[in-house]
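The values are calculated or read from the model by the stated rules, or taken from the named source; none is laboratory data. Quick caveat, the model's predicted, so the values are computed rather than measured. Cβ placement follows ideal geometry from the backbone for every residue including glycine, while neighbour counts extend to all protein chains displayed.
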Amino acid sequence: MMNMMDRVRLINEAIGKVDSRYRLSVILFKRARALNQGDMPLVEPKSDKEYIIALQEFLSGLVEWKDYEDSEWKKVE
């Protein structure tokens with residue numbers, strides 16, 4: 001299980017990979033909802049909470065997101 005400081009560290013790391021906190025929250029929300037509806041995790045979960053699993057997947061580069069300004073799908077690097 002992850003403690004609060006681990007979660008904060010992961011979130012801060014993820015914020016640096018996108019252009020805004022809002023975009024990160026939308027990406028993680030959509031993936032967490034998909035996990036909640038039955039999608040299988042793409043990583044070995046460190047938590048039973050969907051948003052933490054979505055965050056792990058995002059940081060592992062397994063989640064793509066679309067920037068609607070340039071219509072390109074982007075993979076986290």
* Structure fact -> All-but-one check, Glu44 against (1) under 13 Å from the mean Cα position of the chain (by Cα); (2) at pLDDT 90 or above, failing number (1)
* Structure fact -> Note on region 13-48: residues outside any helix (DSSP H, G or I), surrounded by 14 or more Cβ atoms within 10 Å (Cβ to Cβ), hydrophobic (A, V, I, L, M, F, W, C) and free of Cβ contacts under 8 Å to residues at least 40 places away in the same chain are Leu42, Val43
* Restricting attention to region 49-77, report how many residues are within 14 Å of Lys17 (Cα to Cα), outside any strand (DSSP E or B) and at pLDDT below 65. => 2
* Structure fact -> Apart from one, (1) exposed (fewer than 14 other Cβ atoms within 10 Å of the Cβ); (2) in contact (Cβ under 8 Å) with a residue 12 or more places away in the chain; (3) under 19 Å from Met2 (Cα atoms) all hold for Gly61; the odd one out is (3)
